[in-house]
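Before any comments, here is the structure.
Where a number appears in this text, it was derived from the coordinates with a stated rule and is not lab data. Bear in mind the structure is a predicted one, so any value in this text is a computation, not a measurement. So basically every Cβ, Gly included, is an ideal-geometry build from the backbone, and we count neighbours across all protein chains shown.
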Amino acid sequence: MPASPANDPSLHSWIDIRPTDDFPIQNLPFGVIDVPDWGPRLAVAIGGYALDLYACAQLGYFDSVAEDVPELGAALPKVFRRRSLNAFLKLGPVAWRAVRERVSELLRHDNPTLRDNELAVRTCLLRQRDVTMLRPVKPTNVTCFEASRTHALNVAQLLGGVSSLSTHWHHQPLAYSSRASSVVVSDTAIRRPSGLHVPADQTEPVFGPTQQLDVSLETAFVVGQTTAPGTTVPVAQAESHIFGILLCNEWHARDLQRWQALALGSLAQMHVASSVSPWVVTLDALEPFRVAGPAQQPEPLPYLQASGEQHFDLHLELLFKPTGSTVAPLVLSHTSTSTNYWSMAQQLAQLTANGTALEAGDLCASGASSGPTSGALGSLLELTQGGTQPLSLPNDLHLGYLRDGDTVIVRGYAEKNGLRIGLGEVSGTVLPTTT
């Protein structure tokens, strides 16, 4: 696919944007805002603002695009007045790109079309602090992959007591299904779950609140196209079925997980919640940040083989704010998705290899993106060696697993050749159990 004109690093907007802002004009991620008295509608982030796509469509700013993209024209303006991106995603990649490029044109510093229409600016351009961000998609399915070899090996050692990964791991991306109803948008509080676990000084399980609540430093890709049951998506075509990427924090109850893993599988430990960031960064915007990724040995079978740079170099940070703290969050870990073993294209190809149907709006999480060094680990399980080596933090705080009132934040960005675009952040605070 040719490079998008909206990615031109020389572009700048008539909106004042700081150099360190997550949402310069080269980004333009999509999300869903809820506006007082107006209701939910789709928007694009630019600097500290949200551009209301429904309002823009009502004022005719997408009429020229609609002429060239009939499927978009038939859906306007109502496709932008939704509680999720799902209906827009179903219009397909041509419509996605056309809308992003039109927004880029409207926001360029030398384009007076919107800039010089004071009433339109007041109607279409809203401060993000004045709107409520909703969950960007309504997934039918959530698939949790294990893309990082380092994380997979660490978990196998700490929870399973084994020193190496099974041969299965290197032949195909492994995953399990989570619950779509447990996906929540950033800033949603997380209730501490209860379940069966075995306390350290006992041999029999008890039922009660988890004592090992953990987090996971992840991204997730958003499926953009629906497929019919029985359809397989070749790895070379997989990215055309991916709309974009958001940040994800999958909350784990490690002691519940350990007990359940001895039986059929980990049912409830992933049902705590999956927190996601409100803005979805398109693959088009991430095109300049492609990398080759690690060598894969043994070589994947032909259905998973792909050429070119299939990975993206996204920098991820795990931050922690203890209960009652009034200071800035502490950075616990900094890693990169470039170290993940399996690419998104390979994950989607594997997911559909048996004919599993895709639904627009589905989420596929990467699993923790743990790097090879101690400062690049993507979970407290790894950072504290299963809680046996708590992190020493300021004010004599020793962190093993999360306590009630603790807040965890995941941030992400991509940066290369002076261009920086961000994925925003996803935050969640632990609430006490109700059982």
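For this structure, a couple of remarks:
- Percent breakdown of C-alpha pair distances by 5 Å bin, ordered from the shortest bin, for region 369-435: 4, 12, 15, 22, 20, 13, 8, 4, 1, 0, 0
- Taking Arg83, Arg122, Arg97 as the candidate residues, the one with maximal mean-square fluctuation in a Gaussian network model of the chain, Cα springs under 10 Å, is Arg122.
- Within straight-line cross-link reach of Lys78, lysines at Cα separation under 22 Å, skipping those fewer than 8 residues along the same chain: Lys90, Lys138
- Sites Arg18 and Thr434 - FRET efficiency at Förster radius 35 Å, r taken between beta-carbons, to 0.05: 0.25
- Charge dipole of the chain about the Cα centre (unit charges at C-beta), most positive-ward option of Leu107, Thr337, Val276: Val276
- 20 Å cut-off, amide nitrogen to a point 7 angstrom out along Leu419 Cα→Cβ, residues in region 106-149: 106-111
- Estimated inter-spin distance, Asn395 and Asn111, nm [label 7 Å along Cα→Cβ]: 4.7 nm
- Counting neighbouring beta carbons within 10 Å and listing from fewest to most, the residues Arg403, Arg135 come out as Arg403, Arg135.
- Against the chain, whose longest principal axis is taken from its Cα atoms, helix 93-107 shows a tilt of about 60°.
- Relative to the longest principal axis of the Cα atoms of the chain, helix 149-160 runs at roughly 30 degrees.
- Each 10 Å bin, from zero up to the one with the longest distance, holds this percent of the alpha carbon pairs of the chain: 4, 22, 31, 25, 13, 4, 1, 0.
- Residue order for Leu85, Leu125, fewest other beta carbons within 10 angstrom first, comes to Leu125, Leu85.
- Region 5-134: C-alpha gyration tensor shape, a/c 1.5 cut-off, then a/b vs b/c: rounded
- Ordering 284-290, 143-149 by mean Cβ neighbour count within 10 Å, with the highest value first, yields 143-149, 284-290.
- Helix-only mean residue ellipticity at 222 nm for the chain, each DSSP H run of n ≥ 4 adding -39500 (n - 2.57), per residue, nearest 500: -4500 deg cm²/dmol
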